[in-house]
1. Tell me yes or no: at least one residue of segment 203-220 is among the aromatic types (Phe, Trp, Tyr) and part of a loop (DSSP other than H, G, I, E, B).
2. Any residue in segment 82-104 that is open to solvent by 20 Å² or more (accessible area, probe 1.4 Å) and in a helix (DSSP H, G or I)?
3. Does Gly183 qualify as being open to solvent by less than 20 Å² (accessible area, probe 1.4 Å), under 30 Å from Lys95 (Cβ atoms) and at pLDDT 95 or above?
4. If the requirement is being among the small types (Gly, Ala, Ser), in a loop (DSSP other than H, G, I, E, B) and either surrounded by 20 or more Cβ atoms within 10 Å (Cβ to Cβ) or more than 19 Å from the chain's Cα centre (by Cα) (or both), which of these qualifies: Ser224, Ser229?
5. Could you pull out the residue among Ala89, Ala32, Ala82, Ala71 that is free of Cβ contacts under 8 Å to residues at least 12 places away in the same chain and hydrophobic (A, V, I, L, M, F, W, C)?
6. Among the listed residues Arg252, Arg238, Arg242, Arg257, which satisfies the condition of being open to solvent by 20 Å² or more (accessible area, probe 1.4 Å) and touching a residue at least 24 places away in the same chain (Cβ under 8 Å)?
7. Looking at Ala82, Ala113, can you tell me which residue is among the aliphatic types (A, V, I, L, M), under 20 Å from the mean Cα position of the chain (by Cα) and over 21 Å from Tyr148 (Cα atoms)?
8. So is Asp114 open to solvent by 10 Å² or more (accessible area, probe 1.4 Å) and either within 22 Å of Val174 (Cβ to Cβ) or assigned to a helix (DSSP H, G or I) (or both) or not?
Amino acid sequence: MSKGVLPLEVPVTLPGEVKMIFRRIVDVGETAAFWRGSRGEYDDEEPRHRVRLKQPFYLGETPVTQTQYRAMAESCLDRLKALEGNMGADPSHFKGDKRPVERVDFQDAEVVADWLTGSGLLPGGWNACLPTEAQWEYACRAGTETKYWRGDGEAALAEVDWYSGNAGGETHAVGLKPANPFGLHDMHGNVWEWCKDAWDEGAYRKCPDGVIDPCEVDKKSNRSLRGGSWNFSAGYCRSAFRGGYWAALRDRDNGFRLCLLPTVLSFE
């Protein structure tokens, strides 16, 4: 890979010729800084503080769809079925190839990411994983400081995603609403997205301004989710809103979006 600007997108072809697109969020040599959290909303979003992301990464253009999940899950089905409560390669309640996969828990997402890393389908030097909360929020905000990347009001949310006010009680096919400035669809609503971090309600109070590439990971059973869903009101779909849930929860609200991180931080 040549030194300098990474490609804006990385296309990946999964088994069965299923396509998945990853969008560049932070480039090699770039330090991406943003204000994380909010004021006057929930205690776990405070204090608002400055975060710097120095590790290059890509994020899936959309949440993982049911077609994409099947293509990956069928290739690692033995590992998935070894997980307590796993629902196989087609777990979703709301069926539709282009709808986001749901009723997957944190471990389901991790197994699929590990399979993709070892599949030989990714460009050399890249691993698949779940994003950290910091990576997710930076990607969602896409340079904005408003409640939603489109603006502050509920009407702005309705323009760009699916929540309880417009979803009609179900998920919707991904990519029907406009993408944010990073080219990402469905960051607000549709399904909650699992993140790598262990859930820590007080994490922000432990973070100094200027913290670099933060991620809280330990052996806690609860994990972080972001973005809200079709079943939640507008306030839960804000860029800053943080959710913490039991890692083994398989619910019609919960899906995930994959991240690509470099195996090493030097690119020749």
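The values are calculated or read from the model by the stated rules, or taken from the named source; none is laboratory data. No experiment lies behind these values; they were computed from the predicted model shown. Glycine also receives a Cβ, built like all others from the backbone with ideal geometry; neighbour counts cover every protein chain displayed. Surface accessibility is based on the protein's heavy atoms, side chains included, excluding ligands, DNA and RNA. Shrake-Rupley method; radii C 1.70, N 1.55, O 1.52, S 1.80 Å.
1. The answer is no; no qualifying residue exists.
2. Looking through segment 82-104, none of the residues is open to solvent by 20 Å² or more (accessible area, probe 1.4 Å) and in a helix (DSSP H, G or I).
3. Judged against the criteria, Gly183 is a match.
4. Of Ser224, Ser229, the one residue that is among the small types (Gly, Ala, Ser), in a loop (DSSP other than H, G, I, E, B) and either surrounded by 20 or more Cβ atoms within 10 Å (Cβ to Cβ) or more than 19 Å from the chain's Cα centre (by Cα) (or both) is Ser229.
5. Only one candidate qualifies: Ala82.
6. Exactly one of Arg252, Arg238, Arg242, Arg257 is open to solvent by 20 Å² or more (accessible area, probe 1.4 Å) and touching a residue at least 24 places away in the same chain (Cβ under 8 Å), namely Arg252.
7. Ala113
8. Against the criterion (open to solvent by 10 Å² or more (accessible area, probe 1.4 Å) and either within 22 Å of Val174 (Cβ to Cβ) or assigned to a helix (DSSP H, G or I) (or both)), Asp114 qualifies.
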